[in-house]
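What follows is a single structure, written as structure tokens, with notes after it.
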Ligand code: PMP
């Protein structure tokens, strides 16, 4: 029986990639010297950086007018680096779509005034916002995919200010039209590689000269490794991106992710025991929150699933319930197994109800 983890992050990585890393761990460029022991200034590591950058540019169609920065501190550090670096008027607009967007806007408040914009839900259940509310600000911030709530934007109207996207839980999982954004940032630990690496894709003309501590200044990181980066995570990320390219790129990933989420949602829609917590077009392709409606029963299901080799199906600690994260490395069989196990739990629950 294979085991699957539905963790929201760090999430599953492709088995093939991990096997390859295991095989090469003790010999990177030289026999007996690991990538972990290799200098970030070495020629061989520079090949990793160059390949990583080239692959991300190809996969996401990122033009040269954008710089790629490989940072640490998670997506969370970007919550403050962003307003620190992009402020002019010291006014920012944030769409409040859930817990991560709230954390982002709370950090921005240290650097200026924040206009909080509420999302609009249309008749199909799609998620958008009123563009006229994002005026006279340095930028508008959107969380493209809400990892905890399981929702995503279906429409981003044009605005006159740069749009900044937190794409931590949907980068490489669905097409993102990079050129519509001033900056896109994401922690690596869901669809890119191990934790400890954050990618920032930023339009070069937005990088300004600021009086900031050196690491916190975007300009320090442009076209150079400013300090020792997360070398092992970058090495693994490069291999994961190769895997994504081999699978057919982001387009193929999106097709697969749609299929997986549809499998799970179509079961949840007709289940007598489980209920999905999001409806309509704004359903995330990668994070599916659901519940049995009863805290103890949710816990029983998690235990039942663990016994069947399905791990990490609990909702985020702030909201409880259940959640399945189906990132790129989760194969279709992982979604099918989840449905089978939910069905088995449902049958067992129905039987025990009939016996009362
Ligand atoms: N934004 C989103 C959408 C997230 O899902 C997460 C983490 N799950 C974060 C930000 C925070 O990321 P990190 O833990 O890398 O700081």
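None of the figures in this text is laboratory data; all of them are computed from the coordinates on show. Keep in mind that what you see is a predicted model, and the values were worked out from it rather than measured. Cβ: placed from backbone, ideal geometry, glycine included. Neighbour counts: every protein chain shown.
Each Cα pair of the chain feeds into the Kirkwood radius, which the Stokes-Einstein equation turns, at 37 °C and 0.692 mPa s, into a diffusion coefficient of 153 µm²/s. Comparing mean-square fluctuations of 25, 241, 86 from a GNM of the chain with C-alpha springs under 10 Å, the top value falls on 25.
When DSSP beta bridges are restricted to pairs lying wholly in the stretch 15-247, around 50% turn out antiparallel.
Just check the stretch 40-164 against the gyration tensor rule for me: Cα atoms, a ≥ b ≥ c as the square roots of the eigenvalues, rounded for a/c under 1.5, and otherwise prolate or oblate depending on whether a/b exceeds b/c.
Note, shape of the stretch 40-164 comes out prolate.
Against the chain, whose longest principal axis is taken from its Cα atoms, helix 99-108 shows a tilt of about 20°. Normalised by 2.2 N^0.38 Å, where N is the number of residues, the alpha-carbon radius of gyration of the stretch 289-346 equals 1.07.
Give the relative contact order (percent, whole number) for the stretch 248-348; include only Cα pairs under 8 Å separated by 6+ residues. Relative contact order for the stretch 248-348 comes out at 32 percent. Simple spin-label estimate for residue 46 and residue 154 gives 4.9 nm between the two label positions (7 Å along the Cα-to-Cβ direction from each Cα).
Between helix 74-86 and the chain there is an angle of about 40 degrees, using the helix long axis and the longest principal axis of the Cα atoms.
The simple Förster model, with R0 at 25 Å and r as the Cβ-Cβ distance, assigns residue 23 and residue 332 a FRET efficiency of 0.45. Result for the chain in a Gaussian network model with C-alpha springs under 10 Å: among 168, 271, 318, the largest mean-square fluctuation is at 318. Dimensions of the stretch 248-348 from C-alpha coordinates, computed as largest minus smallest value along each principal axis and given longest first, are 41, 27, 26 Å.
Shown is the FRET efficiency for residue 252 and residue 136, computed with R0 = 41 Å from the Cβ-Cβ distance and rounded to the nearest 0.05: 0.50. Taking every alpha-carbon pair under 8 Å whose residues sit at least 6 apart, the stretch 1-133 reaches a relative contact order of 12 percent.
Any chance you could check the Cα centroid distance between the stretch 68-93 and the stretch 208-282 for me, in angstrom? Taking the Cα centre of the stretch 208-282 as reference, the centre of the stretch 68-93 is 18 Å away. What the Cβ-Cβ distance of residue 219 and residue 350 gives, at R0 = 56 Å and to the nearest 0.05, is a FRET efficiency of 0.35. Comparing mean-square fluctuations of 22, 303, 72 from a GNM of the chain with C-alpha springs under 10 Å, the top value falls on 22. Hydrodynamic estimate: the Kirkwood radius of the stretch 128-189 over Cα pairs, inserted into Stokes-Einstein at 4 °C and 1.567 mPa s, corresponds to D of 106 µm²/s. Kirkwood Rh and Cα-based Rg: tell me the resulting Rg over Rh for the stretch 78-237, rounded to two decimals. Radius of gyration over Kirkwood radius for the stretch 78-237 works out to 0.95. Calculated [222 nm] ellipticity per residue, helices only, for the chain: -11500 deg cm²/dmol; basis is -39500 (n - 2.57) per DSSP H run with n ≥ 4, divided by all residues, nearest 500. Taking the longest Cα principal axis of the chain as reference, the axis of helix 15-24 is set at about 50 degrees.
Contact order for the chain, expressed relative to its length and based on alpha carbon pairs under 8 Å spaced 6+ residues apart, stands at 22 percent.
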